[in-house]
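One structure is given here, and the rest of the page talks about it.
The values are calculated or read from the model by the stated rules, or taken from the named source; none is laboratory data. All figures in this text were calculated on a predicted structure; none of them were measured in a lab. Quick reminder, even Gly has a Cβ in these numbers, built from the backbone with ideal geometry, and neighbours come from all protein chains shown.
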Protein chains: 2
Amino acid sequence: MGIQYKLLQKEKNTNARLGEIHTNYGTYETPMFMPVGTQATVKSLTPEEIKSMNCGIILANTYHLWLRPGPTVIEKAGGLHAFMHYDGPILTDSGGFQVFSLAKKKEKDIVEEGVHFKSHIDGRDLFLTPEKSIQIQNQLDSDIAMSFDECPPASASYEYLKQSVERTLRWAARGKKAHQNPRQALFGIVQGGAYEDLRKYSAIETVKMNFDGYSIGGVANDGESKEDMYKAIAYSIPYLPEDKVRYLMGIGDPLDIIEGVILGVDIFDCVLPTRIARHGQAFTRDGKINFHNAKYKEDFTPLEEDCDCYTCQNYTKAYLRHLVMTGEMLGSRLLSIHNIRFLVKLTEELREAIRKNQLLAYKEQFLARYQMPKK
Amino acid sequence: MGIQYKLLQKEKNTNARLGEIHTNYGTYETPMFMPVGTQATVKSLTPEEIKSMNCGIILANTYHLWLRPGPTVIEKAGGLHAFMHYDGPILTDSGGFQVFSLAKKKEKDIVEEGVHFKSHIDGRDLFLTPEKSIQIQNQLDSDIAMSFDECPPASASYEYLKQSVERTLRWAARGKKAHQNPRQALFGIVQGGAYEDLRKYSAIETVKMNFDGYSIGGVANDGESKEDMYKAIAYSIPYLPEDKVRYLMGIGDPLDIIEGVILGVDIFDCVLPTRIARHGQAFTRDGKINFHNAKYKEDFTPLEEDCDCYTCQNYTKAYLRHLVMTGEMLGSRLLSIHNIRFLVKLTEELREAIRKNQLLAYKEQFLARYQMPKK
């Protein structure tokens, strides 16, 4: 039946919780970070590499797979797992976020039935509805599907958000009705910006529909402040049931993961580790570093001395910098391995801190060393 | 002392030979195909992947490493092997081919001392001499270094080639004198276009200098006909000693490898398998295929049914096409794995055919199935 969440332990001094998700492809502990495989591939990496980093669920994007290669091809391949050769759990998003972020403002028209917009690849007219999103995800045969929601910009007014929350609730009900894949879980999404009453209302009404898990959406738009993000989480969490998993969509900054866990979030996803890798950047315990910096030219130490990833075990900063400066694919790949492992390891440590009821001490320790990323 | 070649068996009906090369990093059988790691990385692949394909020697480019990161950085790293984390044998070219092919005609000036030219990266003035090329290769600490030679275009006249052969001989002598790395073998290069007397003269005079191995150069320029390439090999081989290895530079087309082996060549290198991979193309027993072709959209069979490579063992043509069409790095990577393994496996089969004195039958069988690559 898709997934089941089991609460193992609540941390004493925060809202954090240790849990486990039972999936069609094994059981994994939460809090957890999910790498993103937009086009049915976590950029540059093989499924075996993903697994060797101790990842659990990975995410694939419904919008992109709808356009290429199309859900019918993936269905004929035997579903997403067989298509991409990944025998671990997969979550698909609804396509909503991409529709709202990739299509230009003038090129989309939101109506009650769904959203008209233009393909970001060839400009052709497309129409995505709650039913269509679920139908595509049913065909993709992911382990967890997401409800189709409206993702208003961070600048949206209270009035707009209020109506948008209502529409997202109607769309959630329609999607739930359309859902047909018994092997696939379906999550509801809480919206409502940084407004306490809207988040509360959205959470309560979404939970009434009894989904298999709940997401907190509308926090990864451009222009949102960290303060508003933390508010959105704090205002939503109290109304979500303890026996269902909580997923904060699109967030992967190390500090946000720590804060999210403290507020009660169980799973996170983000393109950040692979995207910054392609830009020659890497996470470290001392903050983000950029390999374009000449100071690494003759630095023959590993990216991180105490990291257990393949990259840190086998390569020096000088070589990584050389790969970045020459634009070599292996550079993106080695930095992606490190960055994903960095976030996965962070969640491993967060779980350990929850187990010991020492999460706040862990946060303090982490922050003392971690510098804010240089822009 | 760098390398030693041991002739194991001569094929009865051709000039082909089975041999082994003893290197600082193990012993490998010939005929052999060497993948190219231009910037101290075989594009998109790790050293572990290279080894898992049963590769022996790999090639790195002196010209590129001279410019970035510079030989001093690599020397400080402990040499090329430590720098790129490869504990197998490495051959470096002299930089000559890149100087002659990357620099525009008007931007280089060939004088007796060496070649003045402009960097293809930032346009700055550079000067490469036989001594400088060897000094850089000494610093890189590859297992096999190449003499610095002049690489005239395929269109060069007999008169020009004659003088060029003389210059290459003088440069070879200067490079040999400058060579200082006792762990590193040094090869001489036979030039002379498709002229029998020039090839003969070049081979005899180069062999007099007693190098550790001999290359046949000037066959991978744009505009050379296959006929001229085979002539260049056939005219050079008779004058090369049996107890030294013979290396045909820059050639990796499957049919050329077979022909080269029949003519007596031991090692080959080429960027072809990784380059065509980046263009969405793959070698198969039935000829080269292009994944942009829509016919692979719903083809859920492996790239090659009987191939033992990681790609063919785990992925379908439909997925490979999807990766190619979406420009995903994993596509280049998976096709590179297959293409390199294809050529390495071809040399394994050629060795087996030599062992059984059935090389001509093998060639016939291969050609019957292999279609000429579609342009």
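Report yes if A:Lys12 is surrounded by fewer than 21 Cβ atoms within 10 Å (Cβ to Cβ), within 27 Å of B:Glu48 (Cβ to Cβ) and modelled with pLDDT of 95 or more, otherwise no. No; evaluated as a whole, the condition is false for this residue.
When restricted to residues that are at pLDDT 85 or above and either under 13 Å from the mean Cα position of the chain (by Cα) or more than 19 Å from A:Glu224 (Cα to Cα) (or both), the range A:99-109 contains 2. The residue that is farthest from A:Val261 (Cα to Cα), among those in the range A:23-43 that are in contact with a Pro (Cβ under 8 Å, 6 or more places away or on another chain) and buried (at least 24 other Cβ atoms within 10 Å of the Cβ), is A:Val42.
Suppose we keep only residues that are within 13 Å of another protein chain (Cβ to nearest Cβ) and closer than 18 Å to B:Lys345 by Cα within the range B:270-287. Which one would you say is surrounded by the fewest Cβ atoms within 10 Å (Cβ to Cβ)? So, considering only residues that are within 13 Å of another protein chain (Cβ to nearest Cβ) and closer than 18 Å to B:Lys345 by Cα, the one surrounded by the fewest Cβ atoms within 10 Å (Cβ to Cβ) is B:Thr274. Per this entry, A:Gly123 is not counted among residues that are closer than 25 Å to A:Pro182 by Cα and not in a helix (DSSP H, G or I). Taking the listed residues A:Glu49, A:Glu75, the one that is outside the structural domain of A:Thr311 (by TED's automatic domain parsing) and within 21 Å of A:Gly252 (Cβ to Cβ) is A:Glu49, with no other qualifying.
Elements of the type strands (runs of 3 or more DSSP E) sitting completely within the range B:1-54 and holding at least 3 residues that are touching a strand residue (DSSP E or B) at 6+ places or on another chain (Cβ under 8 Å) and more than 20 Å from B:Arg341 (Cβ to Cβ): these cover B:3-10, B:17-23.
Where strands (runs of 3 or more DSSP E) fall entirely within the range A:141-231, those with at least 2 residues that are under 16 Å from A:Glu131 (Cα atoms) are at A:144-146, A:185-190. The set of residues in the range B:131-142 that are within 17 Å of B:Phe97 (Cβ to Cβ) and under 20 Å from the mean Cα position of the chain (by Cα) comprises B:Ser133, B:Ile134, B:Ile136, B:Gln137, B:Leu140, B:Ser142.
Of all residues in the range B:128-138, exactly one satisfies the criterion of being over 14 Å from B:Ala172 (Cβ atoms) and either of a type in the set (Ser, Thr, Tyr) or touching a Gly at 6+ places or on another chain (Cβ under 6 Å) (or both), namely B:Leu128.
Report the residue count in the range B:304-316 for those that are crowded, with 19+ Cβ neighbours inside 10 Å and under 18 Å from A:Tyr86 (Cβ atoms). Looking only at that region, the number is 4. Listed by first and then second residue, the pairs linking a residue in the range A:314-327 that is facing chain B (nearest Cβ under 7 Å) and without any contact (Cβ under 8 Å) to a residue 12 or more places away in the chain to a residue that is among the aromatic types (Phe, Trp, Tyr) and buried (at least 24 other Cβ atoms within 10 Å of the Cβ), with Cβ atoms under 7 Å apart and 6 or more places separating them unless they lie on different chains, are A:Tyr319/B:Phe83. May I ask you to say which residue of B:Ser52, B:Ser94, B:Ser44 is among the small types (Gly, Ala, Ser), touching a residue at least 24 places away in the same chain (Cβ under 8 Å), in contact with a Ser or Thr (Cβ under 8 Å, 6 or more places away or on another chain) and over 14 Å from B:Gln137 (Cβ atoms)? Unique residue meeting the criteria: B:Ser44.
Filtering the range A:288-303 for residues that are within 14 Å of chain B (Cβ to nearest Cβ), farther than 17 Å from A:Ile189 by Cα, polar (S, T, N, Q) and crowded, with 21+ Cβ neighbours inside 10 Å leaves an empty set. Take B:Asp122 and tell me if it is over 24 Å from B:Val42 (Cβ atoms) and within 14 Å of chain A (Cβ to nearest Cβ). Yes, satisfied. Only one entry of B:Thr274, B:Thr284, B:Thr347, B:Thr301 meets the criterion of being of a type in the set (Ser, Thr, Tyr), touching a residue at least 40 places away in the same chain (Cβ under 8 Å) and not in a helix (DSSP H, G or I), and that entry is B:Thr284. If you go through the range B:44-91 and keep only what is basic (Lys, Arg), over 20 Å from B:Phe127 (Cβ atoms) and either crowded, with 20+ Cβ neighbours inside 10 Å or within 11 Å of another protein chain (Cβ to nearest Cβ) (or both), you end up with just B:Lys76. Only a single item in (1) within 30 Å of A:Glu75 (Cβ to Cβ); (2) more than 14 Å from every other protein chain (Cβ to nearest Cβ) is not met by B:Tyr370, and it is number (1). Does A:Gly331 satisfy being within 14 Å of chain B (Cβ to nearest Cβ), among the small types (Gly, Ala, Ser) and either on the phi > 0 side of the Ramachandran plot or touching a residue at least 60 places away in the same chain (Cβ under 8 Å) (or both)? Spelling it out, it is not the case that A:Gly331 is within 14 Å of chain B (Cβ to nearest Cβ), among the small types (Gly, Ala, Ser) and either on the phi > 0 side of the Ramachandran plot or touching a residue at least 60 places away in the same chain (Cβ under 8 Å) (or both). Note on the range B:105-120: residues that are assigned to a strand (DSSP E or B) and closer than 14 Å to B:Glu150 by Cα amount to 6. Is the range B:240-261 home to any residue that is surrounded by 21 or more Cβ atoms within 10 Å (Cβ to Cβ), within 14 Å of chain A (Cβ to nearest Cβ), in contact with a Lys or Arg (Cβ under 9 Å, 6 or more places away or on another chain) and outside any loop (DSSP other than H, G, I, E, B)? So far as the range B:240-261 goes, no, none of its residues is surrounded by 21 or more Cβ atoms within 10 Å (Cβ to Cβ), within 14 Å of chain A (Cβ to nearest Cβ), in contact with a Lys or Arg (Cβ under 9 Å, 6 or more places away or on another chain) and outside any loop (DSSP other than H, G, I, E, B).
Considering the range B:304-313, the residues that are touching a Leu at 6+ places or on another chain (Cβ under 8 Å) and within 11 Å of chain A (Cβ to nearest Cβ) include one that is nearest to A:Ala40 (Cα to Cα), namely B:Thr311.
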